[in-house]
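First up is the structure itself, then whatever we jot down about it.
The values are calculated or read from the model by the stated rules, or taken from the named source; none is laboratory data. Just so it is clear, the model here is predicted, and its values are computed rather than measured. We place every Cβ from the backbone using ideal geometry, glycine too, and count neighbours over all the protein chains shown.
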Amino acid sequence: MRPTERPIPRFIADTTQEGIPHGRFAERLREEFAKAVEGIEGLPAGAGVPAEVDWFPERAWGGRVWVPCSALTESEEGRLELFGHVSYVQPPGGEPQDFAAKVDFTDILAADNPDWRIDLNDDVIGRWRGENSRAGAVTLVWGRPLVRGAVAATAVLETETVDQELISQDRFTLIALDALEGYGDEIFMEVKLWSRRADELASETLYA
């Protein structure tokens, strides 16, 4: 096979091994999430972390395990969504350590936007560098399908699938390159939802 004109990494993250956190470990993750919420500047008064946080399937990349999450909360300014991720190092045969969390909030909610087909959040967690100043943002993406029948989600750069995961409990997590540089026009990731028959049900960029 001849060399490719676009030698970018594909499927860079480990597939989910544990799925959606639950039980005592979910409580441990919530503690880290709550600490990060306390440090948010400009968070409206009254907003707090509810007892139940919606965790998404974990993915591992760059020596860390990344667990996205979201939670709806009430504030003096109305309903908000807290969203972010908790990451940690998982030594072979050892206990998780070196926890870190990043959180933000929004008042733009899926419930108020019936035209949405995917509810997406994302965060850049690293950078890839290629030859001749080519580069891309390693991006953690998590979301929920807002259409019926979705069983899998993919991350796509133009015509190339660069990550995919099955949807679990109406949630999915992807890690893939976004915003490629050095290939002419910037190339941005699209997230696509697929049915059991491999029919495309929805497609969104991270910049919609």
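Restricting the stretch 18-71 to residues that are over 19 Å from Pro96 (Cα atoms), of a type outside the set (Ser, Thr, Tyr) and buried (at least 16 other Cβ atoms within 10 Å of the Cβ), which is nearest to the chain's Cα centre (by Cα)?
Asp54
Considering only the stretch 154-175, state which residues are more than 15 Å from Phe56 (Cα to Cα), surrounded by fewer than 17 Cβ atoms within 10 Å (Cβ to Cβ) and among the polar types (S, T, N, Q).
Within the stretch 154-175, Thr159, Thr161 qualify.
Got a sec? Which of Asp178, Asp163 is touching a residue at least 60 places away in the same chain (Cβ under 8 Å) and part of a strand (DSSP E or B)? Reasoning before the result, please.
Numbers: Asp178 fails: touching a residue at least 60 places away in the same chain (Cβ under 8 Å).
The conditions single out Asp163.
Would you check which residues across the stretch 148-188 are closer than 27 Å to Glu18 by Cβ and β-branched (Val, Ile, Thr) and list them?
Selection gives Val151, Thr154, Val156, Thr161, Val162, Ile167, Thr173, Ile175.
Would you call Ala111 surrounded by 15 or more Cβ atoms within 10 Å (Cβ to Cβ) and either more than 15 Å from Trp194 (Cβ to Cβ) or not basic (Lys, Arg) (or both)? Break it down into steps so the answer makes sense when it comes.
Values: surrounded by 15 or more Cβ atoms within 10 Å (Cβ to Cβ): no; either more than 15 Å from Trp194 (Cβ to Cβ) or not basic (Lys, Arg) (or both): yes.
Considered against the rule, which asks whether it is surrounded by 15 or more Cβ atoms within 10 Å (Cβ to Cβ) and either more than 15 Å from Trp194 (Cβ to Cβ) or not basic (Lys, Arg) (or both), Ala111 comes out as no.
Do we find that Leu193 is farther than 29 Å from Val49 by Cα, outside the structural domain of Glu77 (by TED's automatic domain parsing) and surrounded by 14 or more Cβ atoms within 10 Å (Cβ to Cβ) in this structure?
It is true that Leu193 is farther than 29 Å from Val49 by Cα, outside the structural domain of Glu77 (by TED's automatic domain parsing) and surrounded by 14 or more Cβ atoms within 10 Å (Cβ to Cβ).
Mind listing whichever residues of the stretch 1-21 are without any contact (Cβ under 8 Å) to a residue 12 or more places away in the chain and not acidic (Asp, Glu)?
If the condition is that a residue be without any contact (Cβ under 8 Å) to a residue 12 or more places away in the chain and not acidic (Asp, Glu), then Met1, Arg2, Pro3, Thr4 are the ones that fit.
Would you please list the contacts, defined by Cβ atoms under 8 Å and residues six or more apart or on different chains, that run from a residue in the stretch 125-137 that is not assigned by TED's automatic domain parsing to the domain that holds Asp185 and of a type outside the set (S, T, N, Q) to a residue that is assigned to a helix (DSSP H, G or I) and surrounded by 10 or more Cβ atoms within 10 Å (Cβ to Cβ)?
Partner pairs satisfying both residue conditions: none exist.
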